[in-house]
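Undergrad: Structure provided below as structure tokens; questions to follow.
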Amino acid sequence: MERTLAEIGDEDGGTLFKGLLARTETPSLAHFVRGMDRGAAQAAFSGFLADQNLTPQQIRFVELIIDQLTARGVIEASALYEPPFINLHTGGPDVLFSGKETVIDDIFQALREVQSNLDEQVA
């Protein structure tokens with residue numbers, strides 16, 4: 001499929017394909033096509049959504065992660081310090097979850113696990 005997409009663009013096909021991946025912030029065609037099932041993304045972060053100690057803004061942050069995983073299938077941890085995440089708090093997740101460092105550490109761990117599981121499925 002990747003080859004076909006590149007061929008459609010003739011000599012610019014490879015560049016167009018790489019541009020598509022860059023614009024969508026996906027590492028491969030498999031990630032682009034597949035994304036992540038919303039139910040699976042919600043399950044991976046259900047503990048955070050059910051945490052009654054989190055503020056509505058913190059819950060919205062977790063929901064944004066789920067939205068991004070559903071759309072892209074993968075999120076690099078550094079993306080949590082960029083829009084749309086910093087639109088909730090310009091200080092990023094460290095400030096948004098200030099005093100709840102174990103929560104943000106657990107979010108990063110959940111992202112690593114999601115990425116690892118997705119990599120295994122794509123391979």
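Undergrad: Picking from LEU49, LEU54, which residue would you name as being crowded, with 16+ Cβ neighbours inside 10 Å, of a type outside the set (Ser, Thr, Tyr), out of contact with any Phe, Trp or Tyr (no Cβ under 6 Å at 6 or more places or on another chain) and modelled with pLDDT of 90 or more? Let's see the steps before the verdict.
TA: Numbers: LEU49 fails: crowded, with 16+ Cβ neighbours inside 10 Å.
When all the criteria are applied, what remains is LEU54.
Undergrad: Any residue that is of a type in the set (S, T, N, Q) and either surrounded by 16 or more Cβ atoms within 10 Å (Cβ to Cβ) or at pLDDT 85 or above (or both) - is there at least one of those in region 57-65?
TA: The initial filter retains those residues of region 57-65 that are of a type in the set (S, T, N, Q), namely 57-58.
Now narrow it down to the ones that are either surrounded by 16 or more Cβ atoms within 10 Å (Cβ to Cβ) or at pLDDT 85 or above (or both): 57-58.
So far as region 57-65 goes, yes, one or more of its residues are of a type in the set (S, T, N, Q) and either surrounded by 16 or more Cβ atoms within 10 Å (Cβ to Cβ) or at pLDDT 85 or above (or both).
Undergrad: Just to be sure before I move on: is ILE75 in a helix (DSSP H, G or I), assigned by TED's automatic domain parsing to the domain that holds ASN117 and closer than 15 Å to ILE104 by Cβ in the structure I sent?
TA: Details: in a helix (DSSP H, G or I): no; assigned by TED's automatic domain parsing to the domain that holds ASN117: yes; closer than 15 Å to ILE104 by Cβ: yes.
Against the criterion (in a helix (DSSP H, G or I), assigned by TED's automatic domain parsing to the domain that holds ASN117 and closer than 15 Å to ILE104 by Cβ), ILE75 does not qualify.
Undergrad: Filter region 66-100 for residues that are surrounded by fewer than 17 Cβ atoms within 10 Å (Cβ to Cβ), more than 25 Å from ALA22 (Cα to Cα) and of a type in the set (A, V, I, L, M, F, W, C) and give the result.
TA: VAL95
The values are calculated or read from the model by the stated rules, or taken from the named source; none is laboratory data. Nothing here was measured: the structure is a model prediction, and the numbers come from that model. Every residue, glycine as well, gets a Cβ built from its backbone with ideal geometry; the counts of neighbours run over all protein chains shown.
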